[in-house]
1. Just checking: which of the strands (runs of 3 or more DSSP E) contained wholly in the range 3-51 hold 3 or more residues that are modelled with pLDDT under 90, touching a Leu at 6+ places or on another chain (Cβ under 9 Å) and among the basic types (Lys, Arg)?
2. Looking only at the range 54-98, filter to residues that are exposed (fewer than 14 other Cβ atoms within 10 Å of the Cβ) and among the basic types (Lys, Arg); which one of those is nearest to Asn5 (Cα to Cα)?
Amino acid sequence: QCQLNGLWRNDQDSLMEISVLRDNGDFQGQYLTRVTLSGGCAQVSPLRGAQQQLGEEGWPTFAFTVRWDKFSNATTAFVGQCFVDAGGKETLSTMWLLREAVGSLEEDWKATR
């Protein structure tokens, strides 16, 4: 069974730590990105999410948000699934959607990546 709690590193060398995983599937932690919109130094940002509870078998799906409020006016939502390969290695497969604040409705087209 795949366990979400712990320390994770992605392909861009960013780090995510899920430190609290509740019995109902809710979790929280922190995210340190190496990729920033501003090009500045990244800081630790809070994350909150939920995991689908599947019982003993299966690979859970999950979703979480990260609020980049210390260095960017943006929020990112991630969705994914946790897998374990034949060798026992856990992998999170995710997709993300980032929303950056813009000054007007006319600029809305460029706010989501």
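1. By residue number, no strands (runs of 3 or more DSSP E) qualify.
2. Lys89
The values are calculated or read from the model by the stated rules, or taken from the named source; none is laboratory data. Since the structure is predicted, the reported quantities are computational estimates derived from the model, not experimental observations. Backbone-built Cβ (ideal geometry, glycine too); neighbour counts: all protein chains shown.
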